[in-house]
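In what follows, a structure is listed as structure tokens, so that the remarks can point back to it.
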Amino acid sequence: MAAKRVARPVKKPARPARASPSTAKRKKVPGADALTQRVERAIEHELSRIEAVLSDGGEDGARGEAERRARTLATLARTLKEVTRLRAGEEKTKAADDELPRDLDEFRRELSRRLDLLVAEAAALHPEPAERG
């Protein structure tokens with residue numbers, strides 16, 4: 001007589017807990033420097049993988065792997081270029097925001113002149129109705 005097998009329930013792997021929206025907002029977004037370093041490390045990793053694949057020989061599988069790695073490397077290079085460009089834009093904005101005028105009196109006169117010009121343009125576009133007497 002054959003022994004009857006009892007099916008046991010299969011355990012599903014536990015899912016990691018999802019962050020609530022309020023928790024997600026509190027997480028710190030990595031700065032451009034940290035992101036640049038991560039992309040550079042990924043590029044170095046891909047370069048070492050390509051070198052390893054190429055040193056193994058010219059097998060067809062190795063050639064396909066090298067091509068996939070080269071595409072990944074190209075994508076990482078574009079990402080690094082974009083992060084660097086964005087970082088340069090942040091620096092320009094910071095520099096422009098931090099500049100103080102050399103002559104405060106001249107700054108005040110120029111500001112007053114521009115405000116007067118804006119008021120005059122607004123008055124020309126939206127004339128006030130004549131007062132009734």
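Derivation of every value follows stated rules applied to the coordinates shown; laboratory data play no part. What you see is a predicted model; the values in this text were computed from it and never measured. All Cβ positions, even for glycine, are placed from backbone atoms using ideal geometry, and neighbour counts span all protein chains on display.
Look through the range 69-88, keep the residues that are among the charged types (D, E, K, R) and in contact with a helix residue (DSSP H, G or I) (Cβ under 9 Å, 6 or more places away or on another chain), and return whichever of them is surrounded by the fewest Cβ atoms within 10 Å (Cβ to Cβ). This residue is ARG87. Taking first residues from the range 66-94 that are farther than 17 Å from GLN37 by Cα and partners that are surrounded by 11 or more Cβ atoms within 10 Å (Cβ to Cβ) and among the β-branched types (Val, Ile, Thr), the Cβ contacts under 6 Å between residues at least 6 apart in sequence or on separate chains come to ALA66/ILE50; ALA66/VAL53; ARG69/ILE50.
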